[in-house]
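Step one of this worksheet: look at the structure below.
The values are calculated or read from the model by the stated rules, or taken from the named source; none is laboratory data. None of the values given here were measured: they were computed from a predicted structure. In this analysis, Cβ positions are derived from the backbone assuming ideal geometry, glycine residues included, and neighbour counts consider all displayed protein chains.
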Amino acid sequence: MNPARRTTAAAATAVVLATAGGLLTATTAPASAATTCTSPVFKRQFFANTTFAGTPKKTDCDSAIGENWGTGAPASGLPTNNFGVRWTVTRDFGSGGPFSFAAAAQDGVRVYLDGVRKVDLWKNVSTTVTKTVNVTIPSGKHTLRVDYVNWTGSANVKFAYLPRTSATVDKVKPLTPTGTSVSYDTATGKAKLVWARNKEMDLAGYRVYRRPKGSADWTRLTTTTATSYTDTTLPVTGAAYYYEIRAYDKAGNESTGTADQAVTTVDRTAPTVPTGLSTSSEPEGLRVGWSAVEGAVSYRVYRAATADGTYTGVGTTAQVSYVDASAAEDTTYYYRVTALDAAGNESARSVAVSGKRRDLTPPSAVTGVTVTPTEYGFEVRWDANPTADLASYVVRRGELWGDEEQQVCSLSPGYYVSADTTSYAYTVVPDGEESCFIVDAIDDAGNSSFKWTGEAQIVTATELDMTPSVATPEGSPLTLDATGAEGDEGNRLSWSGLGVDAPEAARGYRVYRWNPATSTYEKIADLGASALEYFDTAARRGTTSYYWVTAVAADGTESLPAGDAAVSAPTG
C-alpha cells in the first residue's frame, strides 16, 4: 500500500499566481510522465469529483487497497469531500477459480471484474459499510477496477480479493506447468528439471514424478515450491525414464502432468537379482512370478528337475511372470530367474522356487444313478466310477423348476460320500414332494466332474407321503424339536416352554408317537416335571417317526400338543 500523504495548505499549492496587465492568471505545472505499475500492483488515480471525470489530479501505484483519510483530503489538490479514487490492475489468474471479494467503505465503493460490477455499495453513509461476495474468475488475464467516492464526512476504503481454498469449494485444477526441460549429466548420473512458475494465487507447490519407460505407474519424487529439481536417485543401468511436473493448489487440486521429459541413463551395472519368486498352477500351465527389478527390460526363466540340478532356459519375457506351458501335471519343477537390462547385462540367478502344475483333469461322469423313495426319504445308488484318483462322491438333491415341457433342476449343496461306496441314504421328511438328484465325482485335486463339464445324470423321484392323517393343532405352549437317531440312543426329543421355573409350570409331560397302523398318536412315555428331553430307543430305524409332547397340569389335564418328526437312516 502506498498511502497518499495529506499536505498543508501552503505546500498543497498546485498553481503559480502571477499578475499580467493587472490581471490575476494561473499557470499550471508541467504534466508528469505517465505512471506505469507492475502487476499485481494497482494503478491508483485521484479525482476531484465523484464521477471520475477529467484528468486525474494524481496517479501512483498501490500494492494494497486500505486507506483511512478521515475528514481530510486524500491527496494534494483534492477537496476533503466529493472526491473519487480509482484503482485498476490487470493480472494473470492462471486457472482462475472461486474467489472472495471483500469491500468496506465510507462512503461508496464499487468493484468491477472485466467491466462487470460485482460489488455495489454506492451510498453516502455515516458509518463504514462492508460486503463480501463470492466470484468465480475464469482462467487467464482479467482486469479488476475499484471505484471509491467520498461525498461528505470521514473517508475510508478497504478491498481485498483472495482465492477460496476450501476443498469443498475449489474444484478447479491449476494449469499445467510450462517451460519444462530436463538435462542429464552422464558424469554424475543426475537429471535436472526446470519449469516456469504458475500464475495461480492459491498455488501450493509442485510435484515431480518419474516412471520407467514401458510402465504406466508414476512415482512421486518430491514436493517443492521451487521451479527446479535435481534427481539424484536415478539408477545408472542404461534404462530410460520419463518425468512430469504437476502443480497443486491449497485445496489439494492437482494439475495434469507436463509433457513427458525423457532421460536415458548410463549403463554401468547389471540389474539386481530378482526376488519374491512364487509359483501358481493355472489351466494354461505353471506360472512363475517374481518382483519387478528396477532397470530390467526382460527376464529369463530357467528350470530344473531338482533344486541343485542343471537349469535350462525355458523362456524370456518382459513381464514379471511367465507361464511354463510345457510343465507336466502333477510333476514338481524348480525355477530360477535372471534380469536383463537394455544393454543385455544379465543378473545372477535368483534363489530356486519349486512348483507343481495342478491336476485339472476332472473325473468321468457318474453313471447308473437310481433313486428309490423310502420311509426315511430316498435311497440313492450309482455305478462305481473308474477314475484312478477318485476321492469322493457328492450326492446333491434339488427342486424342479419350470413347466412340464422344460424343467430345470435347482440343486442344493450336497453330501460327501467316500470313494469306496456306491449308495447313500438321503434322509428327509417324506411328504410327497418331487425331487431331482445328481451324483458328482470329485478327484484328489478337488476337480468336480459336474462343475467342469456342467453335465450329470439327473434322476427325478417323488417322496412317499407319510404325513399323519391327524393334524397337530396350533396353540401349544410347548416347542418340540425331534432329531433322528445316529447311534444306539434312539430318536432324541427336546422341548421347552413350561420349565420348572415357568409361571405355569407343568407337573409332568407325556410323549406320543404316531402309529400309522392305528392312525392314532399312542402314548409312549409319562415324564416328570423336570424332564426336557426324551430318547425313543424303541423307534424303528430306517423310517420317519412323528411325535407329540403335551404338558400335564396338576389336575391331570393336558395342554395342546407340540409336534415334530424325526428321520433316521437304516442301520448297516
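Points worth noting:
This table checks each residue for (1) of a type in the set (Gly, Ala, Ser); (2) modelled with pLDDT of 95 or more; (3) farther than 30 Å from Ala445 by Cα; (4) in contact with a helix residue (DSSP H, G or I) (Cβ under 6 Å, 6 or more places away or on another chain).
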site: Thr269; (1), (2), (3), (4): no, no, yes, no
site: Ser278; (1), (2), (3), (4): yes, yes, no, no
site: Ser291; (1), (2), (3), (4): yes, yes, no, no
site: Thr331; (1), (2), (3), (4): no, no, no, no
site: Gly344; (1), (2), (3), (4): yes, no, yes, no
site: Val351; (1), (2), (3), (4): no, yes, no, no
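- For Leu121, the criteria (1) surrounded by 17 or more Cβ atoms within 10 Å (Cβ to Cβ); (2) touching a residue at least 24 places away in the same chain (Cβ under 8 Å) hold in every case but one, which is (2).
- Qualifying residue in region 244-267 (condition: under 22 Å from Val351 (Cβ atoms), crowded, with 17+ Cβ neighbours inside 10 Å and modelled with pLDDT under 95): no
- When Ser291 is tested against the conditions (1) of a type in the set (Ser, Thr, Tyr); (2) touching a strand residue (DSSP E or B) at 6+ places or on another chain (Cβ under 7 Å); (3) within 29 Å of Ser321 (Cα to Cα), the lone failure is (2).
- Annotation note: Cβ proximity below 9 Å between a residue of region 470-487 that is farther than 14 Å from Arg510 by Cα and a residue that is of a type in the set (Phe, Trp, Tyr) and in a loop (DSSP other than H, G, I, E, B) (sequence gap 6+ or interchain) occurs for Gly484/Tyr376.
- Look at region 150-167: where a residue is touching a residue at least 24 places away in the same chain (Cβ under 8 Å) and crowded, with 17+ Cβ neighbours inside 10 Å and a partner is of a type in the set (A, V, I, L, M, F, W, C) and not in a strand (DSSP E or B), sitting 6+ places away or on another chain with Cβ atoms under 6 Å, you get Pro163/Met201; Thr165/Ala251.
- Answer residue from region 451-482, given it is surrounded by 13 or more Cβ atoms within 10 Å (Cβ to Cβ) and small (Gly, Ala, Ser) and is farthest from Pro363 (Cα to Cα) among those: Ser476
- Number of residues in region 428-474 that are among the aromatic types (Phe, Trp, Tyr) and in a loop (DSSP other than H, G, I, E, B): the value is 0.
- Which listed residue, of Leu493, Leu527, Leu532, Leu560, is farther than 21 Å from Ala425 by Cα, buried (at least 20 other Cβ atoms within 10 Å of the Cβ) and of a type in the set (A, V, I, L, M, F, W, C): Leu493
- Among the strands (runs of 3 or more DSSP E) confined to region 365-427, the ones with at least 2 residues that are more than 20 Å from Thr453 (Cβ to Cβ) and over 46 Å from the mean Cα position of the chain (by Cα) are located at 370-374, 377-381, 423-427.
- Residue in region 206-221 that is in the same structural domain as Ile245 (by TED's automatic domain parsing), within 30 Å of Gly96 (Cβ to Cβ) and without any contact (Cβ under 8 Å) to a residue 24 or more places away in the chain present: yes
- Selection count where residues are surrounded by 22 or more Cβ atoms within 10 Å (Cβ to Cβ), more than 29 Å from the chain's Cα centre (by Cα) and free of Cβ contacts under 8 Å to residues at least 60 places away in the same chain, scope region 277-300: 2
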